[in-house]
Amino acid sequence: MNLILRYMKSRRLRIAGGISLKAVGTLLELMIPYILEHIIDYVVPLKDIGAVLLWGLLMIITAVFVRVFNVAANRSAAYVGKDCIRRLRYDLFEKTLHLSGTQFDQFGLPSLTSRMTSDSYNVQDFMVNSQALGIRAPMMLMGGIVVTMMMDPVLSGILCIMVPILGVAVFFITRYGIPLYGRVQKSIDRIVQILRENITGIRVVKALSKEEYERARFALANEQLTSDDIRASITMATPGPLMQLALNIGLTLVVIVGAYRVNSGQIRPGVILAFLTYFNMILQGVLSLNRIFMMASKAISSAERIDLILQTPNDQPTLPLEGHQIQTDSHIVFDHVSFSYHKTEEKCLDDIDFAIKKGESLGIIGATGSGKTSIINLLMRFYDYDRGGIYINGKDVRSYPIEDLRARFGVVFQNDVIFNDTLFENISFGRHLDESQVRAAAKAANISAFIEGLDEGYQYKADIKGANLSGGQKQRILIARAIADHPEILVLDDSSSALDYKTDAALRRAIQSDYSSSTLIMIAQRISSIMNSTHILVLQKGQMIGYGTHEELLKTCPVYLDIYQSQMGDIA
């Protein structure tokens, strides 16, 4: 609830205005049965048609003002709710962007997705309706009781017995229901996870004929979600029928007791009619409160999940420069670095130690899972290393502000993304590059001829994930994006796997010629892609088993020699 109040606080003046309008409208609505009772008991007996019409006109005017005030209040509530949730979604998105790799792994993409969507919707629903119903419902309930007590304390006493009993029941049921909605949201996370896996991997599912398997997996998660949702809904729906039963019993008692009191001359007939109307208002108030409690249960559970993200502390603070720099003429230094994703004894990288100068190139090769991408993750500070030190220009990477550090890089990851936008924007990527820079990058990446051969040229729009492009075309566009801004450090993580040897060789020559000032780190499965690098790092199970030039490694590293012979044939 603190999260909801924090975001609504900035709109407190508008909220106060909307609440005031709703309060005035509800007070006027409470007057209508009272006016009706007055007409029946006091005006009609006068047999003055003019007086009847005058009081009738007063009822109509009151009803019109009720409508006007309620509409204005509801619109104000809708504006506040949508504005607050807009800011909340923005803050949640921004926080998600700045989560560290470890934090992102802990929360998981499906959970982050459902918090941004279904959880934020639950909070918005409560923000809007709490302003509208949150004032009207208790005023209808309490106002109806107060007015009926003024009209006839005996009949009103029936209500005073029923309402506290229902209030206690609602309180305990709501308290039990909040954790149930938390389970519902976790089940939604699981559904989102399965959907995402199937959407992104649909070709694999079809290729292996695993539709039935995935259907069964989704059905199991769907059944769990349905079961959790039904349990929560039934629990939170329990007060509704109980309230209606209790209030209908009370209504029957009002009619019976009221009829007796009319016959005995203790009250007038109009009081009974007014009481029935007020009883209906009180019933609406109680049911509206029940609805608010249901929405509050969902919203509180969802707000707690959202706030958990927003309150997640920064686990990658920028360290002071003092004590976190070294004297070196190397551009990038790994000083006996060790790292584990799960902070266990089993290291993903163990005692990695190398240095490269500005403008040099480093090729990294090794089997799957040997730690190649982990080196990039640490260098760009997606994760922080456990031991040792990583330095750029003599400064520990942890002493750079994250934005400044990553602005130095141009990078193509293994599973990089083509966005649903024009090819020009996919290369420029929000960096406001001019056309000449984009064209030069496309030419160096050997993709300009393809783009310029399209009818729309650089304005050709890529489908989601580049579905209307081949694998080689996507990789070359990604490389063009990485080099377009002439980065200080260029990282290519297995970025030429879909390219033929001729295109790969032409691409490497263009990068060496036009982007020679960039320090190049290239991860590859092909020795031909890295054999001309200034330095080559050979990894095996997170450990360095070879480091040097191509010629040196052929002599000193049996694993590298074996890879070379398997790919290139025997040494002549």
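Which whole-Hz ³J(HN,Hα) couplings does region 414-425 yield from phi under the Karplus relation 6.51 cos²θ - 1.76 cosθ + 1.60, θ = phi - 60°, glycine and proline marked x?
4, 10, 6, 10, 8, 8, 6, 7, 5, 5, 4, 6
Calculate the spin-label point distance for M150 paired with T549, positioning each point 7 Å from the Cα along the beta-carbon direction, and give it in nanometres.
In this crude label model, T549 to M150 measures out at 10.0 nm.
What is the distance, in nm, between label points placed 7 Å from the Cα along the Cα-to-Cβ direction at I49 and at K443?
If labels sit at I49 and K443, their model points lie 9.6 nm apart.
To the nearest 500 deg cm²/dmol, what mean residue ellipticity at 222 nm is calculated for the chain from DSSP H runs of n ≥ 4 alone, each contributing -39,500 (n - 2.57), summed and divided by the residues?
Helix contribution divided over all residues of the chain: -21000 deg cm²/dmol.
If I compute solvent accessible area with a 1.4 Å probe over the protein chains, what percent of it on region 511-559 is carbon and sulfur?
Solvent-exposed carbon and sulfur of region 511-559 make up 50 percent of the total.
Angle between the Cα long axis of helix 153-200 and the longest principal axis of the chain, 0 to 90 degrees, nearest 10?
So the helix axis and the longest Cα principal axis differ by about 20 degrees.
Under a point spin-label approximation (7 Å from Cα along Cα-to-Cβ), what is the F104-R75 distance to one decimal in nm?
Going by the 7 Å Cα→Cβ label model, 4.4 nm.
If I compute solvent accessible area with a 1.4 Å probe over the protein chains, what percent of it on region 299-453 is carbon and sulfur?
49 percent
Per residue, what accessible area does the chain have, given a 1.4 Å probe and all protein chains present, in Å²?
50 Å²
Along region 330-336, what does the Karplus equation 6.51 cos²θ - 1.76 cosθ + 1.60 (θ = phi - 60°) give for ³J(HN,Hα), rounded to whole Hz, x for Gly and Pro?
8, 7, 10, 10, 10, 10, 6
Relative to the compact globular guide of 2.2 N^0.38 Å, what is the alpha carbon radius of gyration of region 108-155, as a ratio?
It is 2.03.
I want the antiparallel fraction of DSSP beta bridges within the chain, as a percent rounded to 5.
Counting only bridges with both partners in the chain, antiparallel ones make up about 50 percent.
Given the convex hull of the Cα atoms of region 180-260, what is a quarter of its surface area in nm²?
7.1 nm²
Per the Kirkwood treatment, what hydrodynamic radius in Å, one decimal, follows for region 426-572 from the mean inverse distance over all distinct Cα pairs?
Final number for the Kirkwood radius of region 426-572 is 16.7 Å.
Starting from the Kirkwood Rh over alpha-carbon pairs, what translational D in µm² s⁻¹ does region 18-119 have by Stokes-Einstein at 37 °C and 0.692 mPa s?
The calculation lands on 183 µm²/s.
Quick one: pull the percentage of alpha-carbon pairs in region 225-355 with a separation above 25 Å.
Of all Cα-Cα pairs in region 225-355, 65 percent lie more than 25 Å apart.
With point charges of +1 on the Cβ of Lys and Arg and -1 on the Cβ of Asp and Glu, referenced to the Cα centre of the chain, which listed residue (I85, A16, T26) lies farthest in the positive direction of the dipole?
Value computed over the given set: T26.
Return the subset of K357/K502; K22/K298; K343/K541; K186/K465 for which the Cα-Cα distance in this structure is over 21 Å, preserving the input order.
K357/K502; K22/K298; K186/K465
Let me understand the chain better: what is its radius of gyration from the alpha carbons, and its Dmax, in angstrom?
When restricted to Cα atoms, the chain yields Rg and Dmax of 35.1, 123 Å.
Going toward the positive end of the dipole of the chain, with +1 on Lys and Arg Cβ and -1 on Asp and Glu Cβ, which of L362, Q311, I249 do you reach last?
Value computed over the given set: I249.
Two decimals, Cα atoms only, Kirkwood Rh: what is Rg/Rh over region 370-430?
1.05
Taking θ as phi - 60°, what are the ³J(HN,Hα) couplings along region 105-118 by the Karplus curve (6.51, -1.76, 1.60), each to the nearest whole Hz, with x for Gly and Pro?
Each residue of region 105-118 in turn: 5, 5, 6, x, 4, x, 5, 5, 5, 5, 5, 6, 9, 5 Hz.
Could you work out the Rg to Rh ratio of region 298-399, with Rh taken as the Kirkwood radius (inverse of the mean 1/r over all Cα pairs)?
For region 298-399, the value is 1.10.
Under 5 Å between amide H atoms, partner at least 5 residues away or on a different chain: which partners does L349 have, H built in plane at 1.01 Å?
F339
The values are calculated or read from the model by the stated rules, or taken from the named source; none is laboratory data. Since we're looking at a predicted model, the values are computed, not measured. Note: ideal-geometry Cβ built from the backbone for every residue, glycine included; neighbour counts use all protein chains shown. These area figures cover heavy atoms from the full protein model, side chains too; ligands, DNA and RNA do not enter into them. Shrake-Rupley method; radii C 1.70, N 1.55, O 1.52, S 1.80 Å.
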